[in-house]
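Student: Below is one structure. I have some questions about it.
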Amino acid sequence: MPLLNTILVGFKEVWTHKFRSVLTMLGIILGVASLVGMAAIIKGMENGMKEAMIAMGGADKVLLEQQEVPVDQEHLADQAPGRTMLDVQALKQAAPMLRVVSPEMAVNNVLLTRADKTCMPSECVGVWSAVVEMNLHTLEHGRFFTELDEEHANPVCVIGTAIRDELFGSPEQVGQEIVPIGEVIQINSQPFTIVGMFARYEGEREKKERELAKTKPAEEVAGPSRQRGWGRRGNWAFQRKNLTIYMPLNTAWVRFRAAGDKDGIPDPRLSDIDLKVGDMSELEPALQQARNVLMLTHRGIEDFGFRTQENQLESINTQIRNARMSGGVIAAISLLVGGIGIMNIMLASINERIREIGICKAVGATGLAVFIQVLIESVVIAMLGAAMGVMASYGFVRVLELVSPTANAPVITTGALLIAVAFSIGVGVVAGLFPAFKAARLHPIQALRYE
Amino acid sequence: MALVELRNVSKIYQLGGEEIRALDDVSLDIDSGEFISIIGPSGSGKSTLMHILGCLDSPSKGTIQLDGVMIQNASARELAAMRNRKIGFVFQFFNLLPKLNVTQNVELPMIYSGINGKERRKRALAALEAVDLVNRAKHRPSQLSGGQQQRVAIARALVNDPRIIFADEPTGNLDSHTGDAILSLFRRLSQEGRTIVLVTHDPEIAAVTPRRIEIRDGKIATKVDLTLAGLAGRQTAANLSQPSPSA
């Protein structure tokens, strides 16, 4: 019996019992929708995590950390030079496998003031312009530091939007975006001119929250204006990045460090050296190269180490894998339940059609033809269910978005759709096997005589 | 060689430890082109005989040769192929598929023999023409009268050009007038050269066939029933397996 014909007959059979078929399919529809929805939510979570990771400088950022010297060098510990500009220059010249080297000199205990407003930045750092590429910053207003700023140790700074919000007022509060280029603020009582401001960094989630707040009128709050809650709002990675203030490296040195940091002794050590490798696949040799250079500049004292984002990436991946596993198992169980529904209805259906099967056998249908017919019917139900499930999952995801509009948007992936459809077809086949076997084994005479 | 050769065929059922011989050592030849009736009261084994002849069932003992093929040990698949290509069935309850229309019902056997759609339709229409039902081709079986349904069943039996047609009480569910029409249709088919086996309990119906076989208690009765004898006028000398009533 030609396959196409069999499939057509299968469709016809499903069509004859529309209501019953749809009820049967419901199991598969829900199963597919929950599997796809689950995968979409997890994908959204993954996107959120990756976003935060990029906010911290991306997966290819390597920190050059200060470390205790190894045990066999303990007697040299007091001669350990720490990370200095010498290292940076040496790395730039002698480690060609590094793409970006970004030195940072932090100024600690900083208080920013402007008129009667104050703000504690998350970090106040003297940097080279390499930091923009290193920490994946986007300069939206003004300019970054020039070589002249660096050379003259100019009192200029580039700020994140959160600092603007604190010192000048956020767009939400004042109703318009303030771009404070050219304004002067005090960093620990020293006047600095703002020359640039970064873009507002936020996750998809915060963005949605903000946009949602725009459409809703602000609630009237009695009493003086105030912020609610202490904790940071939104994702800490973005919040921290927005609270950044940068100045030229030399400015940090001349104005805050050279005069003596600890005990009045100038401290030329850098607070951070960040590296980016040209090619992530050559991370190992590149770090080895950097290590060789640094061993020279540190006179053989190994007071440094490297920290990569691999662990971070790995932990994100494990989390996602675990979430996928548990979600997948639950969805698979619901699909299995759908399969049981199909088997049930197929058994009932062949029981109703025993006589028909007998007629078909009398006119020459082989057991195999009957087997395939029943199996195809079961698969047709499963496939229709899967197709409706795919449609339903789009609706399901829309509902999820409406229910929690600020969560990371669930993303429907083709992979999840394919897996769901393939799995439900598999379930259809498995559910059809037993009824098909039963139908194929019917004896023609008994089937014909069946009342 | 005869079209059908039954040799010492028995069919034994086990029913609760008791052995029931539905057919007991039956031998029978049917030649190509014969119009033959199998007659016997209910429970006599005539249906069992028809099922075995029609490849719906296998005998417990004995050999059957149908159109040159030995089928007593054939597999279910081979039997299905035999039913499909060499045998046509007409049943008492018509046994049409209610979800298919007349043409589709007639096409059914050809679907299982893998004939393509165009050829199927052509042959189905030809078969419907043979039973004079072309104008009902698109109707559902439930929209037809009993006689018409039986004619559709006959068209379905004819459509694969079988070597032999089995009709199991074909008029049992019809009024006598319609039944006569069906019987005359069978007679016409017989005149066209078809081999037809009519299974019935009714001697009057059996009377239309030139040759009659009576089954009693699973055996071919050697003595002809008296009622049959009175109607046996058209018997031919070719029927050697049955003694002439005048002898």
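The values are calculated or read from the model by the stated rules, or taken from the named source; none is laboratory data. Computed from a predicted model, the values in this text were never measured in an experiment. Don't worry about glycine lacking a Cβ; one is built from the backbone with ideal geometry, like all the others, and counts go over all protein chains shown. Ligands, DNA and RNA are excluded from the accessible area calculation, which covers all protein heavy atoms including side chains. Shrake-Rupley method; radii C 1.70, N 1.55, O 1.52, S 1.80 Å.
Student: Give the ranking of A:Leu111, B:Leu28 by solvent-accessible surface, highest area first, calculated with a 1.4 Å probe.
Tutor: Sorted by accessible area, descending: A:Leu111, B:Leu28.
Student: Normalised by the residues of chain B, what does the relative contact order come to in percent, with Cα pairs under 8 Å and at least six apart?
Tutor: Working: 455 pairs, mean separation 65.0, N = 247.
Reported relative contact order: 26 percent.
Student: Whole percent per 5 Å bin, from 0 to the bin with the longest distance: what is P(r) over all C-alpha pairs of chain B?
Tutor: Values per bin, smallest distances first: 1, 6, 14, 17, 19, 17, 13, 8, 4, 1, 0, 0.
Student: In a Debye calculation with equal point scatterers on the alpha-carbon sites of region B:19-158 and no solvent, what is log10 I(q)/I(0) at q = 0.15 Å⁻¹?
Tutor: For the requested q values the scattering log ratios are -0.86.
Student: Excluding residues fewer than 8 places away in the same chain, name every one of the aspartates and glutamates whose C-alpha is closer than 15 Å to that of A:Lys216.
Tutor: Result set, ordered by chain and number: A:Glu172.
Student: Where the Cα atoms of region A:337-451 are projected onto their three principal axes, how long is each span, largest first, in whole Å?
Tutor: Here the spans come out as 65, 25, 18 Å, largest first.
Student: Which whole number gives the average, over all residues in A:364-374, of C-beta atoms from other chains lying within 10 Å of the residue C-beta? Please report the intermediate quantities before stating the final value.
Tutor: On the way: counts 20, 7, 10, 4, 3, 6, 2, 0, 0, 0, 0.
If you average over the peptide's residues, the count of other-chain Cβ atoms is 5.
Student: Another one. Tell me the relative contact order for chain A as a rounded percent, counting alpha carbon contacts under 8 Å between residues six or more apart.
Tutor: On the way: 751 pairs, mean separation 145.3, N = 451.
Averaging sequence separation for qualifying contacts and normalising by length gives 32 percent for chain A.
Student: Let's test the formula: R0 of 25 Å, r as the Cβ-Cβ distance of B:His139 and B:Ser184. What FRET efficiency results, to the nearest 0.05?
Tutor: E(calc), rounded to 0.05, equals 0.65.
Student: So, one more: Using θ = phi - 60° and the Karplus relation 6.51 cos²θ - 1.76 cosθ + 1.60, list the HN-Hα couplings for region A:338-353 in order, rounded to whole Hz, with x at every Gly or Pro.
Tutor: x, x, 4, x, 4, 4, 4, 6, 5, 4, 4, 5, 6, 4, 5, 10
Student: Right, here's the next one. Straight-line reach only, C-alpha to C-alpha below 20 angstrom: list the lysines that A:Lys361 could link to, leaving out same-chain residues fewer than 8 apart.
Tutor: By straight Cα distance, A:Lys361 reaches A:Lys12, A:Lys438, B:Lys86, B:Lys99.
Student: Can you give the accessible area of A:Tyr201 in Å² (nearest 10), computed on protein heavy atoms with a 1.4 Å probe?
Tutor: Taking all protein chains as shown, A:Tyr201 has close to 20 Å².
Student: Here's another thing I want to ask about it. Report the accessible surface area buried between chains B and A, summing both sides, using a 1.4 Å probe on protein heavy atoms only, in Å² rounded to the nearest 100.
Tutor: When B and A are taken together, about 2000 Å² of accessible area is lost.
Student: Run the helix sum for chain A: -39,500 (n - 2.57) per DSSP H stretch of 4+ residues, divided by residue count, reported at 222 nm to the nearest 500 deg cm²/dmol.
Tutor: Working: 16 runs with 246 residues, N = 451.
After summing the helix terms and dividing by residue count, I get -18000 deg cm²/dmol.
Student: Largest first and in whole Å, what are the equivalent-ellipsoid semi-axes of region A:68-175 based on the Cα gyration tensor, each being the root of 5 times an eigenvalue? Could you put the intermediate results ahead of the total?
Tutor: Values: eigenvalues 234, 73, 34 Å².
Working through the eigenvalues yields semi-axes of 34, 19, 13 Å.
Student: Here's something else I'd like to know. Sorted by accessible area with a 1.4 angstrom probe, largest first, how do B:Phe186, A:Phe145, A:Phe396 fall? Let's see the in-between values first.
Tutor: Working: B:Phe186 0, A:Phe145 25, A:Phe396 80 Å².
Order by accessible area, largest first: A:Phe396, A:Phe145, B:Phe186.
Student: Could you pull the Cα extents of region A:255-372 along its three principal axes, largest to smallest, in whole Å?
Tutor: 104, 30, 23
Student: For the protein assembly as shown, what does the equivalent ellipsoid look like in terms of its semi-axes, each the square root of 5 times an eigenvalue of the Cα gyration tensor, given largest first in whole Å?
Tutor: Numbers: eigenvalues 1853, 149, 68 Å².
Equivalent ellipsoid of the protein assembly as shown: 96, 27, 18 Å, largest first.
Student: Sticking with this one: What are the lysines whose alpha-carbon lies under 17 Å from the alpha-carbon of B:Lys122, with same-chain residues fewer than 8 places away excluded?
Tutor: Excluding near neighbours in sequence, the set is B:Lys138.
Student: Where both partners of a DSSP beta bridge lie in the protein assembly as shown, what percent of those bridges are antiparallel, to the nearest 5? All intermediate terms of the calculation are to be shown ahead of the outcome.
Tutor: Details: 50 of 77 bridges.
Antiparallel bridges make up about 65 percent of those DSSP assigns within the protein assembly as shown.
Student: Right, something else. Give the accessible area for A:Leu212 in Å² (nearest 10); use a 1.4 Å probe, count only protein heavy atoms, and leave out ligands, DNA and RNA.
Tutor: Counting only protein heavy atoms, A:Leu212 exposes about 60 Å² to solvent.
Student: Taking N as the number of residues in region A:59-308, what value does Rg over Cα atoms divided by 2.2 N^0.38 Å take? Please list the in-between numbers first.
Tutor: Working: Rg = 20.5 Å, N = 250, 2.2 N^0.38 = 17.9 Å.
That works out to 1.14 for region A:59-308.
Student: So how strong a dipole does region A:1-155 carry about its Cα centre when Lys and Arg Cβ are +1 and Asp and Glu Cβ are -1, to the nearest 20 debye?
Tutor: On the way: 12 positive and 19 negative charges, 319 e Å.
For this selection, approximately 1540 debye.
Student: So, one more: Expressed as cubic angstrom per residue, what is the convex hull volume of the alpha carbon set of region A:120-172?
Tutor: Numbers: hull volume 5.5 nm³, N = 53.
Taking the convex hull of the Cα positions in region A:120-172, it is 103 Å³ per residue.
Student: A follow-up question, please. Leaving ligands and nucleic acids out of the surface, order A:Thr366, A:Thr318 by accessible area at 1.4 Å, largest first.
Tutor: Numbers: A:Thr366 35, A:Thr318 55 Å².
My answer, sorted largest first, is A:Thr318, A:Thr366.
Student: Next question. Over chain A, average the accessible area per residue using a 1.4 Å probe and give it in Å², no decimals.
Tutor: Details: 23160 Å² over 451 residues.
On a per-residue basis, chain A sits at 51 Å².
Student: Per residue, how much space in cubic angstrom lies within the convex hull of the C-alpha atoms of region B:11-55?
Tutor: Spelled out: Cα convex hull of region B:11-55, divided by residues, is 80 Å³.
Student: Please give the solvent-accessible surface of A:Met120 in Å², to the nearest 10, using a probe radius of 1.4 Å with every protein chain present.
Tutor: 130
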